[in-house]
């Protein structure tokens, strides 16, 4: 499980709440942050928040900080669906259309259309997945192990 802190926005129903999470980035720690394109983008995105619907049967109030538990398999699956399917669609369609068409412009056009169609497929696939499998769960306490390091 992966854990994330979030702020309760409002209760949706008896089993779900809306929470707000901060977008985090690890970029911005080095001395080249002001000149680096990734650092500039990280600065732009760090002030944004996500509003997410999560499962919660605990008694919580708006403004309260809660801990969310997200299963790793949901993150891996979501990353594959969001990035993998369109990327594979672009690559495979370019290979296929290169065999069919001689003109590069047609190959590019049809590959872009296939990639756009894959985005629609991703959107459909996400809407068909049961919401109880993809929502994070509010947990009361994270199991923490203390390690003593001896030199």
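The values are calculated or read from the model by the stated rules, or taken from the named source; none is laboratory data. Keep in mind that this is a model prediction, so the values were computed, not measured. Quick reminder, even Gly has a Cβ in these numbers, built from the backbone with ideal geometry, and neighbours come from all protein chains shown.
Yes or no, residue by residue, for (1) within 30 Å of residue 3 (Cβ to Cβ); (2) assigned to a strand (DSSP E or B); (3) at pLDDT 85 or above; (4) not assigned by TED's automatic domain parsing to the domain that holds residue 13:
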site	(1), (2), (3), (4)
60	yes, no, no, no
109	no, no, yes, yes
114	no, no, yes, yes
124	no, no, yes, yes
143	yes, no, no, yes
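Among the residues here, residue 79 qualifies as exposed (fewer than 15 other Cβ atoms within 10 Å of the Cβ) and either at pLDDT 80 or above or more than 30 Å from residue 7 (Cα to Cα) (or both). The set of residues in segment 31-57 being under 19 Å from residue 136 (Cβ atoms) and either at pLDDT below 65 or in contact with a strand residue (DSSP E or B) (Cβ under 6 Å, 6 or more places away or on another chain) (or both) consists of 49, 50, 51, 52, 53, 54, 55, 56.
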